[in-house]
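Below is one structure; the comments refer to it alone.
The values are calculated or read from the model by the stated rules, or taken from the named source; none is laboratory data. Quick caveat, the model's predicted, so the values are computed rather than measured. So basically every Cβ, Gly included, is an ideal-geometry build from the backbone, and we count neighbours across all protein chains shown.
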Amino acid sequence: MAPCPIRSRSDLEVMACGPRCIRRETGAARYPPVMDTFDPTRPLPGPPEPWASTDMPSRRGGPPYHMTEMIRAEPALARRLLRKLAVADGPAATLAATIRSTSGAGRPIVVVGCGTSEHGALATAEILRNACRDAGLPSMIGAGGAPVAVQAFEASPEIAQLGPGSLVIAISHEGATWATNRALAAARSSGATAALLTVTAASPGAALADIVVTTDELDQSWCHTVGYLSPILAAMSIGAHLAGLALDQDAAAGLLATGLDPASIEATEAMARSLADVDRLIVLGSGVDRIAARELTLKVEEGAHLPAAMRDLETMLHGHLAGVDAGTGLVLLLTERRHRDARRARALAVLRACGQIGVSVGAILAADVSEELDPALTAAGRVAVPDAPSLPAPVAALLATAAPLQLLTERLAVARGVDPDPIRRDDPRYLAAAGVAEVSEVAGAVAQTKSADAGD
C-alpha cells in the first residue's frame, strides 16, 4: 500500500484520501502512525440480528474516531440509499402516496423525533412541505395538510387525538427511542396512519408502524452523523416521489463530497482551532439553516463537551447580545438560496454587533455570500459551500451544511482532547446519569400503558 501523499495538512484531510497510512497530528499532539483500513465507499454494517440496541463504540486513543469514518462514508452512502429508495413500488413511494392523499384531504401530517432525529424530523417536514408545494398540495405555514414537525414527547398527547385520515411520520435511527415510539403508539391508537424512517424493519419502532422506510446502514458512533443524514436522504426520495420529479442523485452526493475536499477540510480545521478555547458557543441560522444550526449545537455539546445554544438569526438581536462577551464563540450558518438578500442583511447586522463586543465569529456560508462578506467579520474562519440548483432549495442547504457542521464538531473534539464517539458516557458520572434517564423512560412507558388501559 502506497504511503499517503499528504503530509502537511490535518489528519482528517489525510484520511479523505482513502485507506492508507495515517500520520495522526493535532496541533502539538502527535500520535503513532496507524494503518487506516476503513473504506468509505463500502456499505456500513447494519444493526444486530436479531435486533438489539447498540453497545458503546469501541474506544480509540485518538483520531480517526468512528465519527470521523462515518463522515467520510456519507457521499457513497447517499448514492446507495437514494438509488434504493427511488424504486417506484417501494416503501418511499408508498409513503409519498399516503402523504398525497392525507394532504389533499387537508388532514394533519405530523413529523416527530428526538435528539438528532428531531432535527431529522424538522428537515423531513421542510423537504416534504417543499414537495407538497411542487405537487400543488397545501404547503404554507398553518395550512391544513401541510407537514409540520414537533418534538416526539411533546406531540404525543395531541397525536392521540388526531383520528383516522391523519398521518404521523416518526424519525428514529435505531427505532428504539421511547418518546418516539410513544408517539407512534398514540398514532396507531387514534386510528391515524403511522410511518417510520429507521435503519431496520426489525426494530421496536417498526412494529408500531404501518409504513416503514428503512435506511439499512447503522451509524457506528454515538455522536450521530449518518443518523442525521439518513432521514434527510429518505425524505428527499419521498419528496421526489410526491412531486413526481427526478432527483439529481449526483448533485446530492457531490454536495456531501465537496465538504470533504481539501480546501473545505483545511478551512474547517482552522475554524475549530480558533473556537476550541471559547467558554461557550452560539450557533445562528435562518430559514432551513436553523435546522443545521440546531444539529451543530447538539453535536458540539455531546461530541466536544462544549456548552452551546442555538438562536434564530433575528432572535439574536433581541436581548441575547447582552449574554455574550469576548469569551463567547459564534458560528453563523447562511446557505439557503431562498430570501437570501434579507437574511444576509440581518446577518451583517449581527456580525457587526458581535464585533463590537469581541465575540469570536466563524461561519458556514453559501459561496456567493462568502465572496461578498468582509473576512474581518468572521475572524475565527469560514467555510464556503456551493449550491446545487438542480436540487430543491431546502435539500441543497441541508446537504451542503451536513459535512461542514459534522467536521467542525469532530475537529473541535480533537482540539479539546475529547473522544466524540461515546458522547461522554465513558465517564462514570455521565454513564450513571444516562442510566437514571433510561429508568425514567421505562417508568414513563409503564405509566403511559396504565393511562391507556384506564381510557385516559
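Residues that are at pLDDT 95 or above, touching a helix residue (DSSP H, G or I) at 6+ places or on another chain (Cβ under 7 Å) and over 27 Å from A176 (Cβ atoms): does the range 413-422 have at least one? Yes - at least one qualifying residue is present in the range 413-422.
Looking only at the range 112-120, decide whether some residue is in a loop (DSSP other than H, G, I, E, B) and either surrounded by fewer than 24 Cβ atoms within 10 Å (Cβ to Cβ) or touching a strand residue (DSSP E or B) at 6+ places or on another chain (Cβ under 9 Å) (or both). Yes, because at least one residue in the range 112-120 is in a loop (DSSP other than H, G, I, E, B) and either surrounded by fewer than 24 Cβ atoms within 10 Å (Cβ to Cβ) or touching a strand residue (DSSP E or B) at 6+ places or on another chain (Cβ under 9 Å) (or both).
A single entry from A263, A257 fulfils the requirement of being free of Cβ contacts under 8 Å to residues at least 12 places away in the same chain and surrounded by fewer than 20 Cβ atoms within 10 Å (Cβ to Cβ): A263. Just one residue in the set T193, T225, T198, T215 is of a type in the set (S, T, N, Q), more than 26 Å from A393 (Cα to Cα) and modelled with pLDDT of 95 or more; that residue is T193. The set of residues in the range 146-183 that are part of a helix (DSSP H, G or I) and hydroxyl-bearing (S, T, Y) comprises S156, T180. Against the test of being among the small types (G, A, S), touching a residue at least 60 places away in the same chain (Cβ under 8 Å) and over 20 Å from R338 (Cβ atoms), the options A304, A235 yield a single qualifying residue, A304. Sort out which residues of the range 208-233 are among the aliphatic types (A, V, I, L, M), under 18 Å from P47 (Cα atoms) and within 18 Å of the chain's Cα centre (by Cα), and write them in order of number. Scanning the range 208-233 gives V213, L218, V226, L229. Taken together, the criteria exclude L95 from residues that are in a helix (DSSP H, G or I), within 20 Å of L44 (Cβ to Cβ) and among the aliphatic types (A, V, I, L, M). If you check A105, A78, which single one turns out to be modelled with pLDDT of 95 or more, more than 23 Å from the chain's Cα centre (by Cα) and among the aliphatic types (A, V, I, L, M)? Result: A105 is the single residue among A105, A78 that is modelled with pLDDT of 95 or more, more than 23 Å from the chain's Cα centre (by Cα) and among the aliphatic types (A, V, I, L, M). Could you tell me whether A176 is without any contact (Cβ under 8 Å) to a residue 40 or more places away in the chain and either over 18 Å from H119 (Cα atoms) or surrounded by fewer than 24 Cβ atoms within 10 Å (Cβ to Cβ) (or both)? No. Scan (1) closer than 30 Å to R59 by Cβ; (2) surrounded by 22 or more Cβ atoms within 10 Å (Cβ to Cβ) for the single condition A195 breaks and write down its number. Tallying (1) closer than 30 Å to R59 by Cβ; (2) surrounded by 22 or more Cβ atoms within 10 Å (Cβ to Cβ), A195 fails exactly one: (1). The listed residues are L351, L373, L321, L412, and the only one of them that is touching a residue at least 24 places away in the same chain (Cβ under 8 Å), more than 27 Å from A125 (Cβ to Cβ) and surrounded by fewer than 19 Cβ atoms within 10 Å (Cβ to Cβ) turns out to be L321. Scanning the range 150-173 for residues that are surrounded by fewer than 24 Cβ atoms within 10 Å (Cβ to Cβ) and farther than 15 Å from L95 by Cβ yields a total of 13.
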